[in-house]
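Everything on this sheet refers to the single structure shown next.
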Amino acid sequence: MATKAKNIWGKSRPKSNPYAVLVMNGGWEWRILKAYKSADATRADPHARFFCAVQSPLTHGGWDFGDCYAKDVPGGVAAFLDDTHAANPVSLFAAIERAYERTAGK
């Protein structure tokens, strides 16, 4: 019997201590506060979700909280698949760079 992969982002965190912080030009910021599935299941499911806090020019300095499709969060899946994130939030560019290094080394 195969063992089920553990969801290491499965417990909700506050906005001040997210699992990942993903920033894009134009004032957009996603803070991933929870993942509903393990990394492998997130990669395989086009409808996988994260619970996020999102700030944008449209929120006028505030935050919107809610579920986001993992595929819609820039670099979110790459950050989730990065096993070095456990205690520290990662930036979009660092997550993509580490994901690239892991796949290039295979």
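The table below lists the values:
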{"quantity": "Only one of Arg31, Arg43, Arg49 that is of a type in the set (D, E, K, R), in contact with an Asp or Glu (Cβ under 6 Å, 6 or more places away or on another chain), within 14 Å of Val73 (Cβ to Cβ) and in contact (Cβ under 8 Å) with a residue 12 or more places away in the chain", "calculated": "Arg49"}
{"quantity": "Members of the range 15-57 that are among the aliphatic types (A, V, I, L, M) and either part of a strand (DSSP E or B) or crowded, with 17+ Cβ neighbours inside 10 Å (or both)", "calculated": "Ala20, Val21, Leu22, Val23, Met24, Ile32, Leu33, Ala35, Ala39, Ala48, Ala53, Val54"}
{"quantity": "The range 6-26 residues that are within 11 Å of Lys37 (Cα to Cα), paired with ones that are assigned to a loop (DSSP other than H, G, I, E, B) (beta carbon under 6 Å, 6 or more apart)", "calculated": "Asn7/Ser38; Trp9/Tyr19"}
{"quantity": "Residue match in the range 63-79 (condition: assigned to a loop (DSSP other than H, G, I, E, B), out of contact with any Pro (no Cβ under 8 Å at 6 or more places or on another chain) and surrounded by 17 or more Cβ atoms within 10 Å (Cβ to Cβ))", "calculated": "yes"}
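Every read-out reported here was derived from the displayed coordinates using simple, explicitly stated rules and does not represent laboratory data. Bear in mind the structure is a predicted one, so any value in this text is a computation, not a measurement. When we count neighbours, we look across all protein chains shown, and the Cβ atoms used for this are built from the backbone with ideal geometry, even at glycine.
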